[in-house]
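The values are calculated or read from the model by the stated rules, or taken from the named source; none is laboratory data. Keep in mind that this is a model prediction, so the values were computed, not measured. For neighbour counting, all protein chains shown are included, and Cβ atoms are generated from backbone atoms with ideal geometry for every residue, glycine included. These accessible areas exclude ligands, DNA and RNA; they are computed on the full protein's heavy atoms, side chains included. Shrake-Rupley method; radii C 1.70, N 1.55, O 1.52, S 1.80 Å.
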Amino acid sequence: MRIVVDTTVAAPIADVWRAYTTPEDIRQWNAASDDWHTTAATVDLRVGGAFSSRMEAKDGSMGFDFAGTYTTVEAPRLIEYSFGDRTAQIAFAEQAGEVKVQVSFDAEGTHSVEQQRGGWQAILDNFKRYVEGKQRS
């Protein structure tokens, strides 16, 4: 099953792409809630290149690595990657001075579809706030 989340970011596509693919930026927005954060991120943005993010609870109680390999990179429009036996796609579409960011990914069997959709949407909502906040500063 495929799950889709999206948002529209009020920023130029170059800025949206850069914030989505730069480790320093990823560490700022990549969390589903305020009690989590990303402590490390690496990006080798090319087909066959690897990425990883270390996500940890701020209280130190737990953490996990999210990692995979890029399978398609078409700047600034499309990223596809595999992670384990699953895949994901991020599409960036410029429209009227904004950028629609759509993430679709294979569901996993441990958490409900609603939990997965909610978590990925929360991260994407943080991304939108982060990028738009940078535009205002």
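Taken together, Thr110, Thr71 contain a single residue that is out of contact with any strand residue (DSSP E or B) (no Cβ under 7 Å at 6 or more places or on another chain), farther than 19 Å from Thr22 by Cβ and outside any helix (DSSP H, G or I), which is Thr110.
What do you reckon, is Glu94 more than 16 Å from the chain's Cα centre (by Cα) and assigned to a strand (DSSP E or B)? Answer is yes for this residue. Of all residues in segment 1-59, count the ones that are among the β-branched types (Val, Ile, Thr) and in a strand (DSSP E or B). Summing the residues that are among the β-branched types (Val, Ile, Thr) and in a strand (DSSP E or B) in segment 1-59 gives 10. Within segment 119-137, the set of residues being open to solvent by 40 Å² or more (accessible area, probe 1.4 Å) and either at pLDDT 95 or above or in a helix (DSSP H, G or I) (or both) comprises Trp120, Gln121, Asp125, Lys128, Arg129, Tyr130, Lys134, Gln135, Arg136.
Considering every residue within segment 75-85, establish whether at least one is open to solvent by 40 Å² or more (accessible area, probe 1.4 Å), more than 26 Å from Ala11 (Cα to Cα) and part of a loop (DSSP other than H, G, I, E, B). Within segment 75-85, one or more residues are open to solvent by 40 Å² or more (accessible area, probe 1.4 Å), more than 26 Å from Ala11 (Cα to Cα) and part of a loop (DSSP other than H, G, I, E, B).
Picking from residues in segment 96-109 that are open to solvent by 70 Å² or more (accessible area, probe 1.4 Å) and at pLDDT below 95, the one that is nearest to Ser82 (Cα to Cα) is Gly109. Among the residues making up segment 93-137, those that are more than 18 Å from Gln28 (Cβ to Cβ) and hydrophobic (A, V, I, L, M, F, W, C) are Ala93, Ala96, Phe105, Ala107, Val113. A residue that is over 19 Å from Gly133 (Cα atoms) and surrounded by 18 or more Cβ atoms within 10 Å (Cβ to Cβ) occurs somewhere in segment 4-23.
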